[in-house]
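Peer 1: This is the structure, below, for whatever I ask next.
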Amino acid sequence: MNRRTFLRVASRLVAALWGASFLWGWLRYLTPREGLTWGRMWTPVLDLDELPVGEARQVNIGERPVLLIRVKPDAVVALSAVCTHRRCGVVWNRDQEALTCPCHGGRFALSGQVLAGPPPSPLRRYAVHLQNGKIFLSGGPG
């Protein structure tokens with residue numbers, strides 16, 4: 001094999017590999033993956049039966065603590081479990097129907113909005129999806 005033939009074969013091989021990797025990327029992009037709905041990745045976090053109405057439970061999405069609150073038999077609210085003031089953990093106060101921060105008295109509504117205290121911004125909301133008796137969360141906005 002002479003040099004010219006070798007370079008022609010090698011360049012065509014490189015072009016074919018580049019084209020195949022480009023095509024593979026597009027196919028992966030266009031093919032829906034399991035758990036992907038409405039452009040969001042849904043993560044199962046808890047069975048609905050494990051969370052009684054009116055109660056709250058903390059779960060983790062990766063490194064982020066999230067507070068799940070079951071407000072009705074068919075409705076769950078998911079908010080960040082970390083206060084926006086000094087990053088203390090917030091707790092659900094069933095009697096006041098609000099989340100409170102024990103560090104500096106911050107209070108948050110079920111919408112995540114600040115009701116009282118020093119927190120500068122609302123709690124992050126997470127999208128919740130209930131299906132087949134399971135609670136699914138999305139890392140995207142709720």
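The values are calculated or read from the model by the stated rules, or taken from the named source; none is laboratory data. Just so it is clear, the structure is predicted and the values come from calculations on it, not from any experiment. All Cβ positions, glycine included, derive from the backbone under ideal geometry; neighbour counts span all protein chains shown.
Peer 1: If you check Q96 against the conditions, is it free of Cβ contacts under 8 Å to residues at least 12 places away in the same chain and under 30 Å from A116 (Cβ atoms)?
Peer 2: Considered against the rule, which asks whether it is free of Cβ contacts under 8 Å to residues at least 12 places away in the same chain and under 30 Å from A116 (Cβ atoms), Q96 comes out as yes.
Peer 1: Filter the stretch 110-126 down to the residues that are surrounded by fewer than 16 Cβ atoms within 10 Å (Cβ to Cβ) and among the small types (G, A, S) and list them by number.
Peer 2: Correct list: S111, A116, G117, S121.
Peer 1: Taking the stated definitions as given, is V9 part of a loop (DSSP other than H, G, I, E, B) and at pLDDT 90 or above?
Peer 2: no
Peer 1: Quick check: anything in the stretch 65-74 touching a Cys at 6+ places or on another chain (Cβ under 9 Å) and either under 24 Å from W42 (Cα atoms) or among the β-branched types (V, I, T) (or both)?
Peer 2: no
Peer 1: Further question: Run P102 past the list (1) at pLDDT below 95; (2) surrounded by 12 or more Cβ atoms within 10 Å (Cβ to Cβ) and report the number of the one that doesn't hold.
Peer 2: Exception for P102: condition (2).
Peer 1: Next question. Scan the stretch 32-43 and tell me whether some residue there is surrounded by fewer than 11 Cβ atoms within 10 Å (Cβ to Cβ), over 18 Å from the mean Cα position of the chain (by Cα) and small (G, A, S).
Peer 2: So far as the stretch 32-43 goes, no, none of its residues is surrounded by fewer than 11 Cβ atoms within 10 Å (Cβ to Cβ), over 18 Å from the mean Cα position of the chain (by Cα) and small (G, A, S).
Peer 1: Check R70, R57, R3 and return the single one that is of a type in the set (K, R), at pLDDT 90 or above and not assigned by TED's automatic domain parsing to the domain that holds L110.
Peer 2: Matching residue, one of R70, R57, R3: R3.
Peer 1: Quickly run through the stretch 93-131 and pick out the residues that are hydrophobic (A, V, I, L, M, F, W, C) and either under 17 Å from the mean Cα position of the chain (by Cα) or in a strand (DSSP E or B) (or both).
Peer 2: Scanning the stretch 93-131 gives A98, L99, F108, V114, L115, A116, L123, A127, V128, L130.
Peer 1: In the stretch 103-142, how many are without any contact (Cβ under 8 Å) to a residue 60 or more places away in the chain, at negative phi and not β-branched (V, I, T)?
Peer 2: 21
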